Amino acid sequence: LYPFYTITNPDFVAKTVNSYITRLDVNGWVRDLVKVGKERPRNQGGDDIDNIIAEAYLKGIEGVDWEDAYRVLKDNADYQRDDQNTWSVVDGKKIGVDSTYRTLGYIPADLNSTWVMCCAKQLEYAYNDYCAAQVAKGLGKTEDYEKYLARSANWQNLWNENLEYGDFTGFIWPKNSDGTWLEPNEKLSSATTFNYSWNNYFYEGTAYEYSFFAPHDVDTLIEKMGGEKAFISRLQTGIDSGYINVGNQPGFIQAFFFNHTSELWHTSDSVEKILNKFSLNGTPGCDDSGSMCAWYLFSTIGFFPNAGQSFYYLTSPKYETTTFNLDNGKTFTVRANNLSDTNKYIQSVT
């Protein structure tokens with residue numbers, strides 16, 4: 001939703017980032033959700049306001065003191081990235097941080113105080129670090145940039161290269177503090193019920209699905225999955241079989257990863273399959289304050305964000321012409337010349 005607002009409502013995005021700065025100064029920390037003025041301690045995954053801040057910074061949003069905004073990123077990177085229950089909240093502020101994500105490089109599965117959503121958190125924290133690194137680089141903070149960029153590779157620490165499922169080998173999987181892996185089970189591809197998402201290694205998703213979550217390092221991901229052909233086959237299988245649930249946020253971006261291969265047309269075909277799951281009865285999952293609607297809008301218009309990075313993925317639009325009416329009074333138009341059901345693949349872009 002916020003990458004969409006960076007185009008249509010940049011002032012709203014600036015006010016949101018400024019609210020994070022205020023909350024850091026008033027509350028002492030900033031979580032993904034604030035309720036009645038207090039930060040909600042438990043996130044549904046990583047420190048994902050980092051992605052919103054980086055997205056706004058890289059897309060040139062005005063009206064923000066970015067040095068001030070960077071304080072929020074640095075606080076999350078250096079003092080948050082929690083393991084889940086290794087801290088307590090006193091008077092609305094967090095105390096007692098001891099993060100194995102920072103000390104071990106991964107969140108162990110066998111420690112009662114840390115394992116909750118350890119795989120989901122690990123992957124999102126790695127991406128949060130990458131987002132923080134991009135802003136640090138832009139602001140000339142070289143030491144922080146190098147530290148966070150190196151830590152963004154932490155997603156690889158939960159890659160079990162020997163874990164097999166069907167025709168595929170190598171998946172993200174929970175690991176114990178002594179370095180041993182948990183035994184595989186049906187949760188590799190079977191989505192856990194939402195009722196138990198707070199008590200599983202993956203949050204509202206599967207190992208098959210989350211194993212694709214390295215949006216800052218897809219080239220390495222392709223290599224770990226056995227090369228381009230194996231990657232394409234696994235991704236296509238995940239989308240066609242439902243192992244990747246396109247009706248929930250963990251499965252939003254994967255269809256666009258075909259753009260990292262030489263067979264780009266799979267992006268348009270897969271996105272079309274997903275779009276067909278939308279109907280006048282609604283979205284194929286929970287819209288969650290507009291996230292699925294924003295996914296739909298981007299996908300039908302023909303470009304899609306990798307939030308927190310300075311590029312867009314392209315896909316075949318559904319309309320010959322789409323016009324954004326921007327809040328600065330200007331318009332932004334996307335045209336697809338000679339678009340039809342058969343002439344639907346992108347030949348060139350200007």
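The values are calculated or read from the model by the stated rules, or taken from the named source; none is laboratory data. These figures come from a predicted structure and were not determined experimentally. All Cβ positions, glycine included, derive from the backbone under ideal geometry; neighbour counts span all protein chains shown. Just so you know, the surface numbers come from the protein's heavy atoms only, side chains and all, with ligands and any DNA or RNA stripped out. Shrake-Rupley method; radii C 1.70, N 1.55, O 1.52, S 1.80 Å.
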Checklist entry - Regarding the range 222-350, what are the three Cα extents along the principal axes, ordered largest first, in Å? => result 48, 34, 32
Checklist outcome for this item: Between F303 and N276, the FRET efficiency computed from the C-beta separation at R0 = 22 Å comes out, to the nearest 0.05, as 0.70
Next on the checklist: Check which residues have an amide H placed less than 5 Å from I172's amide H, if you skip close sequence neighbours.
Outcome noted: N160, S211
Checklist outcome for this item: Sorting S289, Q156, A136 by the position of each Cα along the dipole of the chain (Lys, Arg +1; Asp, Glu -1; all at Cβ), the one nearest the positive end of that ordering is S289
Checklist entry - Among 297-306, 328-337, what's the highest-first ranking by average C-beta atoms within 10 angstrom per residue? => result 297-306, 328-337
Checklist outcome for this item: Highest mean packing first, using Cβ neighbours within 10 angstrom, the peptides 103-111, 121-129, 266-274, 158-166 sort as 121-129, 266-274, 103-111, 158-166
Item to check | Interchain or long-range residues, amide H under 5 Å from Y313's placed H | outcome: F304, N306
Checklist entry - About its Cα centre, what dipole magnitude does the chain give when the only charges are +1 on Lys and Arg Cβ and -1 on Asp and Glu Cβ, stated in debye to the nearest 20? => result 560
Checklist entry - What value, in deg cm²/dmol to 500, does the helix sum -39500 (n - 2.57) over DSSP H runs of n ≥ 4 give at 222 nm once divided by the residues of the chain? => result -11500 deg cm²/dmol
Checklist entry - Amide H of K38: which non-local residues (sequence gap of 5 or more, or other chain) have their own amide H closer than 5 Å, using H built in the peptide plane? => result none
Checklist entry - Using a basic spin-label model with each label point 7 Å from the Cα along Cα→Cβ, how many nm lie between E164 and S19? => result 5.1
Next on the checklist: For the range 21-43 and the range 286-308, what is the centre-to-centre distance using only Cα atoms, to the nearest Å?
Outcome noted: 26
Next on the checklist: For a protection proxy built on the mean count of beta-carbon atoms within 10 angstrom, sort 39-50, 284-295 highest first, please.
Outcome noted: 39-50, 284-295
Item to check | Across K15/K121; K74/K273; K121/K273, pairs whose alpha-carbon gap is larger than 32 Å | outcome: K74/K273
Checklist entry - Using the beta-carbon distance between R335 and S289 and R0 = 30 Å, what value does 1/(1 + (r/R0)^6) give for FRET efficiency, to the nearest 0.05? => result 0.45
Checklist entry - Which length gain, in nm to one decimal place, applies between V349 and R40 when the Cα-Cα distance is subtracted from 0.36 nm times their residue separation? => result 106.8 nm
Checklist entry - Of the accessible area of the chain, with the probe set at 1.4 angstrom, what percent is carbon plus sulfur? => result 49
Item to check | the chain - percent relative contact order, Cα under 8 Å, separation 6 or more | outcome: 14
